[in-house]
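I have placed the structure first, in the form of structure tokens, so that the comments after it can refer back to it.
The values are calculated or read from the model by the stated rules, or taken from the named source; none is laboratory data. None of the values given here were measured: they were computed from a predicted structure. Note: ideal-geometry Cβ built from the backbone for every residue, glycine included; neighbour counts use all protein chains shown. The area values use the complete protein model at the heavy-atom level, side chains included, leaving out ligands, DNA and RNA. Shrake-Rupley method; radii C 1.70, N 1.55, O 1.52, S 1.80 Å.
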Amino acid sequence: YALFATRAGRLTIGPARLSFADDPLSRLMGRSRGRRALETAPFEVHVKELPLPRPAGFSGVVAADVRLTATVDRDTVPRGEPVELELQMSADGFLKSFTGLTVAVPPSTRVHDATDDLREDVTGPRYRATLRQEKVLVPTEEGALAVAPIRLEYFDTARGRYATATASPGLIIVTPS
């Protein structure tokens with residue numbers, strides 16, 4: 001299990017319980033007691049507050065390793081046609097309560113949410129979550145479309161301070177339709 005505190009203070013982790021059937025061989029020998037149970041002792045964890053002041057755009061993400069990418073499916077598009085923007089964020093922190101990445105585009109571009117996909121990997125030495133978001137951009141004016149770099153303000157537990165991850169999808173050239 002990976003436990004992620006959602007508040008500061010002293011938190012009690014309750015006991016883990018495992019119940020299982022008695023050994024089948026014991027049943028054959030007439031010494032069966034039915035079910036057996038094992039239980040751990042509860043323990044306390046002291047969760048510290050994050051330092052103040054927090055950055056204005058703090059996302060709430062707390063992790064030691066954050067990776068962020070932003071890619072578009074094409075860098076040239078006729079006016080009025082869609083461009084797919086894929087955002088991918090990977091972290092060794094809890095992302096289930098994360099509300100998502102923000103995309104800033106000029107007013108002449110419409111942004112539509114397409115898909116959100118959160119995957120968790122517990123097979124490696126550390127828990128890792130990956131959030132993949134797809135957005136559809138529809139430019140309504142010709143020229144160069146500059147999507148602002150995607151920024152994620154998070155608390156870096158390895159360094160003990162706030163940090164920023166950025167990714168830029170690059171420039172999109174909008175041609176006549």
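List the GluC sites (Glu not before Pro) within region 101-152 that fall in a DSSP loop (any state other than H, G, I, E or B) and whose Cβ has at most 16 other Cβ atoms within 10 Å.
Details: sites: 120, 134, 141, 142; in loops: 141, 142.
Passing both the DSSP loop test and the Cβ count: 141, 142.
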Note to self: Computed from the coordinates I sent, Cα extents along the principal axes in Å equals one of [x] 46, 35, 30; [y] 63, 55, 36; [z] 85, 44, 22. Tell me the label.
What the structure shows: [z]
Checklist line | List 154, 162, ordered by accessible area with a 1.4 Å probe, largest first | finding: 162, 154
Check: If you find the alpha carbon centre of region 39-111 and of region 117-175, how far apart are they in angstrom?
Finding: 6
Next item on the list: Over region 111-177, with every protein chain in place, what whole percent of the accessible area is carbon and sulfur at 1.4 Å, could you tell me?
Entry: 49
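Relative contact order for the chain: what percent, with Cα pairs under 8 Å and sequence separation of 6 or more? Display every interim value, and only then the final one.
Numbers: 376 pairs, mean separation 42.2, N = 177.
Across the chain, relative contact order equals 24 percent.
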Checklist line | Farthest positive-ward along the chain dipole, Cα basis, beta-carbon charges - from 57, 163, 122 | finding: 122
Next item on the list: Could you tell me which of 133, 97, 83 has its Cα farthest along the dipole of region 80-134 towards the positive end, charges placed at Cβ (Lys, Arg +1; Asp, Glu -1), taken about the Cα centre?
Entry: 97
Checklist line | Student exercise, the chain dipole from Lys, Arg, Asp, Glu Cβ charges, in Debye to nearest 20 | finding: 1120
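Count neighbours as other Cβ atoms within 10 Å of each site's Cβ, and list the trypsin sites (Lys or Arg not before Pro) in region 32-71 that are DSSP loop with at most 12 such neighbours.
Numbers: sites: 33, 35, 36, 48, 67; in loops: 33, 48.
Hits after loop and neighbour filter: 33, 48.
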Next item on the list: With all protein chains present, calculate the accessible area of residue 76 using a 1.4 Å probe and round the result to the nearest 10 Å².
Entry: 70
Next item on the list: Output the antiparallel fraction of DSSP beta bridges having both residues in the chain, as a percent to the nearest 5.
Entry: 90
Item checked: Surface per residue (accessible, 1.4 Å probe) for region 86-142, Å² -> 57
